[in-house]
Amino acid sequence: MMVAPSILSANFANFESDVKKVEEVADYLHLDIMDGHFVPNLTFGMGVGRALKKVTSLPLDSHLMVERPEDFVDDFCEFSDVVTVHYEATYHLHRLIQRIKEKDTKAFVALNPHTPVECLKEIIMDIDGVLIMSVNPGFGGQKFIPNALNKIRELDEYRKKRGLTFQIEVDGGINSETYVAAIKAGVDILVAGSYVFKSENPAEAVRSLKRI
């Protein structure tokens, strides 16, 4: 099981300090990039990502919650190990996935809570992972949407039947009460923000998600 703490819940005044608290135990660092249009919030952009790359050895997982992600992926591929784009945000998903992979970056596709997994069946062979949103994107600290588990199970069954190796990631509402169900449903990567960075001991919070 891999854990990707989301810096959306970290201390914006001192990202480096919070990142160092989880660097030895986390697998990725999750960057929630929001443009105030695709989602009703504005966070940070490429400057923060480039700065984090200089101060941490953790692979960066850049989740682009933006309109027209094709305008930004090349820049994010410069410092990201994974770039995630939303199915709902682009008209030419296959072309965008190919651009990401040409940069030797893993390409993930995110699905909002209302989007069925069937939408990915024509592109599932081309992607490295699927990010299931278990909250409506835009803000941290939201409650886990239970139907996300059904989508995770469906994806897990699909890859097993076809011998595929794409990873399944879940983002939103992950805590001590929801993570076990997500893992049992077939998740490979847990994104956790508030549960990690709002705890007294962020490193121990990450370890707790790996104990099952």
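Summary of values
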quantity	calculated
Residue satisfying all of: in the stretch 64-76; in a helix (DSSP H, G or I) and not aliphatic (A, V, I, L, M); surrounded by the fewest Cβ atoms within 10 Å (Cβ to Cβ) among these	D71
Failed item in (1) in contact with a strand residue (DSSP E or B) (Cβ under 8 Å, 6 or more places away or on another chain); (2) within 21 Å of P59 (Cβ to Cβ), with D75 passing the rest	(1)
L8 of a type in the set (A, V, I, L, M), within 23 Å of E102 (Cα to Cα) and crowded, with 21+ Cβ neighbours inside 10 Å	no
Tally, over the stretch 187-203, of residues that are part of a helix (DSSP H, G or I) and either among the hydroxyl-bearing types (S, T, Y) or surrounded by fewer than 17 Cβ atoms within 10 Å (Cβ to Cβ) (or both)	2
Of all residues in the stretch 151-186 being crowded, with 21+ Cβ neighbours inside 10 Å and under 24 Å from K21 (Cα atoms), the one that is farthest from the chain's Cα centre (by Cα)	T178
Criterion: in contact (Cβ under 8 Å) with a residue 24 or more places away in the chain and closer than 19 Å to M133 by Cα - qualifying residue of L93, L52, L58	L93
Pairs where the first residue, in the stretch 197-212, is touching a residue at least 12 places away in the same chain (Cβ under 8 Å) and the second is polar (S, T, N, Q), C-beta under 8 Å, 6+ apart	F197/S6; F197/S9; F197/N11; K198/S9; A205/S199; S208/S176
In the stretch 117-134, the residues that are in contact (Cβ under 8 Å) with a residue 12 or more places away in the chain, closer than 15 Å to R153 by Cα and either of a type in the set (D, E) or crowded, with 22+ Cβ neighbours inside 10 Å (or both)	V130, L131, I132, M133, S134
Residues (of a type in the set (A, V, I, L, M, F, W, C) and either more than 25 Å from P137 (Cβ to Cβ) or not in a loop (DSSP other than H, G, I, E, B) (or both)) located in the stretch 9-23	F15, V19, V22
Flag for A26 being within 25 Å of I127 (Cα to Cα) and part of a loop (DSSP other than H, G, I, E, B)	yes
Every residue from the stretch 119-144 that is within 16 Å of the chain's Cα centre (by Cα) and in a loop (DSSP other than H, G, I, E, B)	I127, D128, S134, V135, N136, P137, G138, F139, G140, G141, Q142, F144
Of the criteria (1) at pLDDT 95 or above; (2) in contact with a strand residue (DSSP E or B) (Cβ under 8 Å, 6 or more places away or on another chain); (3) at positive phi, which one L131 fails	(3)
Breaking point among (1) within 19 Å of Y87 (Cα to Cα); (2) out of contact with any Phe, Trp or Tyr (no Cβ under 6 Å at 6 or more places or on another chain), for S134	(2)
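Conditions (1) outside any helix (DSSP H, G or I); (2) touching a Lys or Arg at 6+ places or on another chain (Cβ under 6 Å); (3) crowded, with 20+ Cβ neighbours inside 10 Å, marked per residue:
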residue: H37; (1), (2), (3): yes, no, no
residue: V48; (1), (2), (3): no, no, no
residue: A51; (1), (2), (3): no, no, no
residue: S62; (1), (2), (3): yes, no, yes
residue: F79; (1), (2), (3): yes, yes, no
residue: E88; (1), (2), (3): no, no, no
residue: D104; (1), (2), (3): yes, no, no
residue: V109; (1), (2), (3): yes, no, yes
residue: T115; (1), (2), (3): yes, no, no
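The values are calculated or read from the model by the stated rules, or taken from the named source; none is laboratory data. Worth saying up front: this structure is predicted, and the values here are computed from it rather than measured. So basically every Cβ, Gly included, is an ideal-geometry build from the backbone, and we count neighbours across all protein chains shown.
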